[in-house]
Amino acid sequence: MKLGFLFTILFYTTLLHSQTQLTLNQCVEYAMLNNLEIKQSALNLKTSAINVKQAKTNLLPTLSTSIGQHYQFGRSIDRFSNTFVNQTIRSNNAGLNASLVLFNGFQNQNSIKQNELLKAAAQDNLAQIKNQIALNVASAFLQVIQNTELIKNAELQKETTTKNIERAEKMVAVGSSDLTVLLTQKAQLANEELNLVNAQNAKRAAIITLKFIMQMPVSEDIEPIVPSFSEDVLDNQYSINDLYISAVASMPQIQSAIAQAEASAMQTKVTKGLMSPTIAVYASLNTVFSQNAKNITNIVITGAEPIGLTETSNERVLRPTYAYQTETISFAKQLKENLGQSAGFNFSWNLFSGFLVQNQIQMAKINQDIAQINLTQVQNALLTEISNAHNNYEAAKLKYKATQNSVSAQKTSLDYIQKRFDAGVSNSFDVIQSKNNYNMAVSNEIQAKYDLIFRALILSFYKNNTISL
């Protein structure tokens, strides 16, 4: 997986440095790898995966160990000789403890299900963000393409006016036309040069917007490839209801809201488990070493001491006195001989805690209802989005048809006025005005065309959950 990811990054890095032309799909894929919102959502998904893993490991027994070294100062009872001593004693202890919860109201099992649902919701959130970024990329991409066509139209108009100026200069030179026509054409050329500069600036701004969405360095020089559009792209055959049925089944925001609602229901079950008793088993091993634990290695008689008198003769009774030679019992032997074990089970049940658990259950139920309401709101929002998208598409379709008719009418008018001007019946101002009207109609048609393409793209997205041209 990591190798594939590195290969993809290397491929697009090479692509961007070897060529500047990019398709819409390449722009979308680049954004999928680099957009910060997508990266952040991917990290949230990793967090959810860790939560699932943790919920599952809660079913495993716990195991802990402890090792300590202690120093005892002053007068105390020696645990090995059971006598008072007044010395510094060093001791070591070690322990191993294990426990396993057998039952706790199925809290662990329900927590696993809840975290798995939250992970699914995180996956759907990531998919939703990717979809939104893809739509944003498509919108910016089409804006660049639209401005590219506007530049071509402005260049064409400039070229036509330049030819008219050349013709007017020749006519003025031979005296067949006055200077007014030439000056009018030059004024028109200046206006069309401004239109070209505005279109070029608009394209540069659109490219910057596209790069920002893709998280591409501004220094990269790119040129979106103009795709070929078929009439199928502009022809929607689906009703609002058809689109909604398809979208409900596939849109990640719906799936995320469903998963979150189910996770809230699981949280209610987890909270109810707090009212159940907890049964656990445990076991432990422990041992200790002390430098005061000693073995006697030799006994020497040092003398005698009286312990009393006889009854008859009143003679003293003596007993021998001894001196003991000792050595500290070895570390390994003490650990072995002092080894202790314990095992058992524990039953606990919180019978009353000031209605804390009951209140937590009520809060969980409220959150469950909120999640259900959120699901309904997401469904309603999706229906509203689809309805607006369908309405915008139909409006864009009518507008595009109207602009096509306008271009046809303005072209016919321009041709007619141009013929009248050539025949000397009309003046240059009429030609310039007609040409400007035609130029505006063409610009409106280009804008309407790409607006319609984007609206159709959105409907296709709701139907198929894909973005492509």
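The values are calculated or read from the model by the stated rules, or taken from the named source; none is laboratory data. Quick caveat, the model's predicted, so the values are computed rather than measured. Note: ideal-geometry Cβ built from the backbone for every residue, glycine included; neighbour counts use all protein chains shown.
For the reader, a short list of remarks on this structure follows.
- Picking from residues in the range 56-72 that are among the β-branched types (Val, Ile, Thr) and over 30 Å from ASN292 (Cα atoms), the one that is surrounded by the fewest Cβ atoms within 10 Å (Cβ to Cβ) is THR57.
- Qualifying residue in the range 339-359 (condition: over 30 Å from LYS269 (Cβ atoms) and either among the hydrophobic types (A, V, I, L, M, F, W, C) or under 31 Å from the mean Cα position of the chain (by Cα) (or both)): yes
- When we screen VAL197, VAL172, VAL137, VAL144 for residues that are at pLDDT below 90 and either assigned by TED's automatic domain parsing to the domain that holds MET266 or among the aliphatic types (A, V, I, L, M) (or both), the only hit is VAL172.
- The condition (being within 49 Å of the chain's Cα centre (by Cα) and assigned to a helix (DSSP H, G or I)) is satisfied by just one residue among LYS186, LYS203, LYS163: LYS203.
- Taking the criterion of being touching a helix residue (DSSP H, G or I) at 6+ places or on another chain (Cβ under 9 Å) and either more than 21 Å from ASN439 (Cα to Cα) or of a type outside the set (A, V, I, L, M, F, W, C) (or both), the residues of the range 169-183 that qualify are GLU169, MET171, VAL172, SER176, SER177, ASP178, LEU179, THR180.
- Filter pass, ILE361 being over 30 Å from GLN291 (Cβ atoms) and modelled with pLDDT of 95 or more: no
- Residue, nearest to ILE129 (Cα to Cα), within the range 17-49, restricted to residues that are surrounded by fewer than 17 Cβ atoms within 10 Å (Cβ to Cβ) and among the β-branched types (Val, Ile, Thr): THR47
- Taking the listed residues GLN260, GLN334, GLN341, GLN325, the one that is polar (S, T, N, Q) and in contact with a helix residue (DSSP H, G or I) (Cβ under 7 Å, 6 or more places away or on another chain) is GLN260, with no other qualifying.
- Every pair of residues 6+ apart whose Cβ atoms lie under 8 Å, when the first sits in the range 351-365 and is surrounded by 11 or more Cβ atoms within 10 Å (Cβ to Cβ) while the second is not in a helix (DSSP H, G or I): VAL357/ASN350
- Residue match in the range 89-106 (condition: of a type in the set (Gly, Ala, Ser) and under 36 Å from the mean Cα position of the chain (by Cα)): yes
- When residues of the range 87-138 are limited to those that are part of a helix (DSSP H, G or I) and touching a Ser or Thr at 6+ places or on another chain (Cβ under 6 Å), the one farthest from LEU274 (Cα to Cα): ILE129
- Candidates are the residues of the range 432-469 that are within 30 Å of ILE417 (Cβ to Cβ) and of a type in the set (Phe, Trp, Tyr); the one that is nearest to the chain's Cα centre (by Cα) is TYR450.
- Going through (1) closer than 30 Å to ILE225 by Cα; (2) out of contact with any helix residue (DSSP H, G or I) (no Cβ under 7 Å at 6 or more places or on another chain) one by one, ASN92 falls short only on (1).
- Where a residue in the range 425-442 is free of Cβ contacts under 8 Å to residues at least 12 places away in the same chain and surrounded by fewer than 21 Cβ atoms within 10 Å (Cβ to Cβ) and its partner, wherever it lies, is in a helix (DSSP H, G or I) and β-branched (Val, Ile, Thr), with Cβ under 6 Å and at least six apart: SER426/ILE417
- Taking the listed residues GLY340, GLY424, the one that is over 30 Å from ALA261 (Cα atoms) and touching a strand residue (DSSP E or B) at 6+ places or on another chain (Cβ under 7 Å) is GLY340, with no other qualifying.
- The residue list ALA283, ALA257 contains one member that is among the aliphatic types (A, V, I, L, M) and either more than 30 Å from ARG90 (Cβ to Cβ) or under 31 Å from the mean Cα position of the chain (by Cα) (or both), which is ALA257.
- Residue in the range 327-346 that is of a type outside the set (Lys, Arg), assigned to a helix (DSSP H, G or I) and under 30 Å from VAL101 (Cβ atoms) present: no
- Inside the range 88-106, residues that are of a type in the set (S, T, N, Q), over 18 Å from ALA332 (Cα atoms) and in contact (Cβ under 8 Å) with a residue 60 or more places away in the chain make up a count of 3.
- When GLN128 is tested against (1) at pLDDT 90 or above; (2) crowded, with 18+ Cβ neighbours inside 10 Å, just one condition goes unmet, and that condition is (2).
- Subset of the range 289-336 that is surrounded by fewer than 11 Cβ atoms within 10 Å (Cβ to Cβ) and out of contact with any strand residue (DSSP E or B) (no Cβ under 8 Å at 6 or more places or on another chain) - its residue that is farthest from ILE279 (Cα to Cα): SER313
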